[in-house]
Amino acid sequence: MRDIVRSVWIWSAITAIALIWVPIVGVLRLFDRDPARYRTGYWLRRAGSLASKLNPAWNIEMLGELPDDPRRPYVLVCNHQSFADIPVICRLPMEMKWVIKAGLFRVPLLGWMLRWAGDIRVDRQDKNSRSQVLTTARRYLQNKCSVMFFPEGTRSRTGRVLRFTNGAFRLAVQEQVPVLPLVIDGSRDALPTDDWRYRDFSRIRLKVLPPVETKRYASGDAPDLREEVRRRIMEQLAAWRGETVEQVDADTQKHPAGKDLRNPQGASRDA
């Protein structure tokens, strides 16, 4: 019963934040002449950061160092465990345009702000949409704004790291911008997939790993870059959990029923 009461209060508070933030983001958008809508997006992330602080049962630990220049563009990538990942990552004091599934743009209040901030809508069932994502992301990088991807393409139901798709890494190589890996753990327990209730206590860790330069990668080397970044993320998760890299790698694990967890829903590795 306690978790239900807490969860109702938290979701009510999040709704209140959205109601307050809609006019703020709307006004900022009207006067934001930056082609990357940097200030508008930055203030939307502050709403996400505030939402991450509402639950006293969330013990969030921020680790690593961000680059000194917030306008130096990066392709950020992170493993994905739950919806809670988004407000936690919003605690990073920098603006980044998020590649977000199309359904969130249809959510009242939130969807409006995502559009005003210039976040990037992706429909994974539409190949044309995936192509447009990279075009839009390229434009943001050229206007000195970072872009954020969840390269697994979906939340991991087991906490193991799913296969990464190529798109973020191909973009980074083509634009010759560094990849900035993020690693998150504990958020799956904080807000499990397909459950609206927040748990009693969750320790969530988010770490910014050192950037991976792309200058040594040629145009056809995106898969090599992808695997290098994925390996670094898995190594950090394994160290936190006291496990081996193989134990956190969905590529080496099978569902008990025999279903391959490596590429759920037939997701394309080119997305």
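The values are calculated or read from the model by the stated rules, or taken from the named source; none is laboratory data. All values derive from a computational prediction rather than experimental measurement. Here Cβ is always computed from backbone atoms with ideal geometry, including for glycine, and neighbour counts include all displayed protein chains.
Only one of these conditions is not met by R130: (1) in a helix (DSSP H, G or I); (2) at pLDDT 95 or above; (3) among the basic types (K, R). Which number is it?
(2) is the only condition that R130 fails.
Could you run through segment 113-127 and say how many residues are surrounded by 15 or more Cβ atoms within 10 Å (Cβ to Cβ), without any contact (Cβ under 8 Å) to a residue 60 or more places away in the chain and either closer than 16 Å to A36 by Cβ or hydrophobic (A, V, I, L, M, F, W, C) (or both)?
Final tally of qualifying residues: 1.
Restricting attention to segment 189-207, which residues are outside any loop (DSSP other than H, G, I, E, B) and farther than 19 Å from I100 by Cβ?
Scanning segment 189-207 gives D189, A190, S202, R203, I204, R205, K207.
Can you give me the number of residues within segment 198-212 that are of a type in the set (F, W, Y) and crowded, with 19+ Cβ neighbours inside 10 Å?
Of the residues in segment 198-212, 1 are of a type in the set (F, W, Y) and crowded, with 19+ Cβ neighbours inside 10 Å.
One line per residue, one yes/no per condition, for (1) surrounded by 15 or more Cβ atoms within 10 Å (Cβ to Cβ); (2) without any contact (Cβ under 8 Å) to a residue 40 or more places away in the chain; (3) touching a Leu at 6+ places or on another chain (Cβ under 8 Å):
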position	(1), (2), (3)
E61	no, no, yes
Q81	yes, no, no
V88	yes, no, yes
G111	yes, yes, yes
S129	yes, yes, no
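Is it the case that some residue within segment 209-223 is closer than 27 Å to R72 by Cβ, basic (K, R) and in contact with a strand residue (DSSP E or B) (Cβ under 8 Å, 6 or more places away or on another chain)?
Within segment 209-223 (the criterion being closer than 27 Å to R72 by Cβ, basic (K, R) and in contact with a strand residue (DSSP E or B) (Cβ under 8 Å, 6 or more places away or on another chain)), the answer is no, since none of the residues qualifies.
Can you name the residue in segment 239-256 that is modelled with pLDDT of 95 or more and β-branched (V, I, T) and is also surrounded by the most Cβ atoms within 10 Å (Cβ to Cβ) among such residues?
Within segment 239-256, the match that is surrounded by the most Cβ atoms within 10 Å (Cβ to Cβ) is V248.
Regarding segment 136-144, can at least one residue be identified that is farther than 21 Å from W43 by Cα, under 16 Å from the mean Cα position of the chain (by Cα) and surrounded by fewer than 23 Cβ atoms within 10 Å (Cβ to Cβ)?
Within segment 136-144, not a single residue is farther than 21 Å from W43 by Cα, under 16 Å from the mean Cα position of the chain (by Cα) and surrounded by fewer than 23 Cβ atoms within 10 Å (Cβ to Cβ).
A quick yes/no check of all residues on (1) at pLDDT 95 or above; (2) within 24 Å of R232 (Cβ to Cβ):
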residue	(1), (2)
R2	no, no
R6	no, no
I10	no, no
W21	yes, no
D34	yes, no
R39	yes, no
L54	no, no
N59	no, no
V77	yes, yes
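Restricting to segment 162-176, name every residue that is surrounded by 22 or more Cβ atoms within 10 Å (Cβ to Cβ) and in a loop (DSSP other than H, G, I, E, B).
Listed by number, the residues that qualify are L162, F164, T165.
Can you pull out the residues in segment 187-215 that are touching a Leu at 6+ places or on another chain (Cβ under 9 Å) and not hydrophobic (A, V, I, L, M, F, W, C)?
Across segment 187-215, the qualifying residues are S187, R197, Y198, R199, S202, R205, K207, P210, P211, T214.
What are the pairs with Cβ atoms under 9 angstrom where one residue, in segment 175-188, is at pLDDT 95 or above and the other, located anywhere, is hydroxyl-bearing (S, T, Y) and in a strand (DSSP E or B)? Sequence gap at least six, or different chains.
Taking only residues 6 or more apart or on different chains, the pairs are V177/S146; L180/S146.
For segment 208-228, how many residues are of a type in the set (A, V, I, L, M), outside any loop (DSSP other than H, G, I, E, B) and farther than 30 Å from N55 by Cβ?
So the answer is 3.
Could you list, in sequence order, the residues of segment 19-38 that are crowded, with 18+ Cβ neighbours inside 10 Å and either within 16 Å of L54 (Cα to Cα) or small (G, A, S) (or both)?
W21, A36
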